[in-house]
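**Student:** Below: one structure in structure tokens.
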Amino acid sequence: MLKFDWNILWTFINLIIFFVLMKVFLFKPIKKTLDKRKEL
């Protein structure tokens, strides 16, 4: 039986958290700025 490696799980969880945070704090403001620019 394979021994489960917890490091892989934690890495995966951290990546998901990182992407969610990036999406909220980086992509939303950029999208808002681009939408504003498009209106002009």
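**Student:** Which members of the range 1-15 meet the condition of being of a type in the set (A, V, I, L, M), surrounded by fewer than 10 Cβ atoms within 10 Å (Cβ to Cβ) and assigned to a helix (DSSP H, G or I)? I'd like the intermediate steps shown before the answer.
**Tutor:** Applying the first criterion (of a type in the set (A, V, I, L, M)) to the range 1-15 yields 1-2, 8-9, 13, 15.
Those left that are additionally surrounded by fewer than 10 Cβ atoms within 10 Å (Cβ to Cβ): 1-2, 8.
Result: 8, single match.
**Student:** In the range 25-34, is there at least one residue being surrounded by 10 or more Cβ atoms within 10 Å (Cβ to Cβ), at pLDDT 95 or above, in a helix (DSSP H, G or I) and among the aliphatic types (A, V, I, L, M)?
**Tutor:** Among the residues of the range 25-34, not one is surrounded by 10 or more Cβ atoms within 10 Å (Cβ to Cβ), at pLDDT 95 or above, in a helix (DSSP H, G or I) and among the aliphatic types (A, V, I, L, M), which makes the answer no.
The values are calculated or read from the model by the stated rules, or taken from the named source; none is laboratory data. Since we're looking at a predicted model, the values are computed, not measured. Neighbour counts run over all protein chains shown; Cβ positions are idealised from the backbone, glycine included.
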